[in-house]
Amino acid sequence: MGRLDGKVAVITGGNSGVGAATAQLFAKEGAKVVISARRVAPLEEVANKIREAGGEVLAVATDISKPEDAKNLIEKAVEAYGKVDVLVNNAGVLDEGLKPIDRVVDEDLARVLDINAKGTMYCIREATNQMQKNGGGSVVNVASVAGVMGCGGAAYVASKAAIVGITRHTALRFAGKNIRCNAICPGSIATPMVANMRPDNMDADMYGAMGKHADLRVPICMPDDVANILLFFASDESRAITGQAIVSDFGSTL
């Protein structure tokens, strides 16, 4: 308890799955939490759970693919709590059906990159501008093992590899300035986002290729597994770590 006392944490995609688990854990550890998502109703449900548990939270409807929304999110956090210490870039979407590079659909590519890659960058830009005024902070990006190993649809892989790259860029940009940036790269996570992924609606070639390079006998991550790693990177316990992309998949891709 108290690992984030006095800190203000902004968490995108805070309406379900990893985002909701992270918001509740951060609030429990003493942070003032600002959660965002496009869907307001489930966002408020998470906020109410945090308040009922005694935490402090602000919910801000946000579409991170719009730069003006990302700017508004950080501005609302500062208006409410005076600063931003932590940004968790968790919001993201999957592509449709694991389509490989030779079958990727232009509209799907644009949608996934707009949210996963560009949206993450918009939020980092706004948060780090504020963190420079505060004297420091920690950015933690939720990428994916897909961005490291290439195991996924082409659009999703590209978007998550971009997050790994911008993580290292951000760390380099602010090295020595007390602003850290790290990424975690989970394997499959049991969340609503992956609930519709079934062999019958996946690209058979890509699904088969992924199966050859993963040990499907090992467990998949639960939201709390990822939230616990995010807590470490958000806290001062990891103050010496920056520019790292840590895979968390129980060893399934080793």
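The values are calculated or read from the model by the stated rules, or taken from the named source; none is laboratory data. As the structure is a computational prediction, the values presented were derived from the model and not from experiment. When we count neighbours, we look across all protein chains shown, and the Cβ atoms used for this are built from the backbone with ideal geometry, even at glycine. What goes into the accessible areas is simple: the full protein's heavy atoms, side chains included, and nothing from ligands, DNA or RNA. Shrake-Rupley method; radii C 1.70, N 1.55, O 1.52, S 1.80 Å.
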For the chain, shape from the Cα gyration tensor axes a ≥ b ≥ c, cut at a/c of 1.5 then a/b versus b/c, turns out prolate
Taking protein heavy atoms only, a 1.4 Å probe, and rounding to whole percent, the accessible area of the chain owed to carbon and sulfur comes out at 53
Per-residue ellipticity at 222 nm attributable to helices in the chain (runs of n ≥ 4 DSSP H, -39500 (n - 2.57) apiece, nearest 500 deg cm²/dmol) works out to -13500 deg cm²/dmol
At 37 °C in a medium of viscosity 0.692 mPa s, region 1-124 has a Stokes-Einstein diffusion coefficient, with Rh taken as the Kirkwood radius over alpha carbon pairs, in µm² per second, of 222
Sorting LEU98, LEU254, LEU172, LEU25 on solvent-accessible surface, 1.4 Å probe, most exposed first, gives LEU254, LEU172, LEU25, LEU98
The summed charge of the GLY135 Cβ neighbourhood (under 11 Å; Lys/Arg +1, Asp/Glu -1) stands at +2
Summing +1 per Lys or Arg and -1 per Asp or Glu among the other residues with Cβ less than 13 Å from LEU113's Cβ gives -2
Computed Rg/Rh for region 1-63 (Cα atoms; Rh = Kirkwood radius) stands at 0.94
With the 1.4 Å probe rolled over protein heavy atoms, region 111-162 has an accessible area per residue in Å² of 32
Within the under-13-Å Cβ sphere about THR170, not counting THR170, Lys/Arg +1 and Asp/Glu -1 give a net charge of +4
Filtered hits (lysines, Cα-Cα < 19 Å from LYS118, offset >= 8 within chain) -> LYS66, LYS71, LYS160
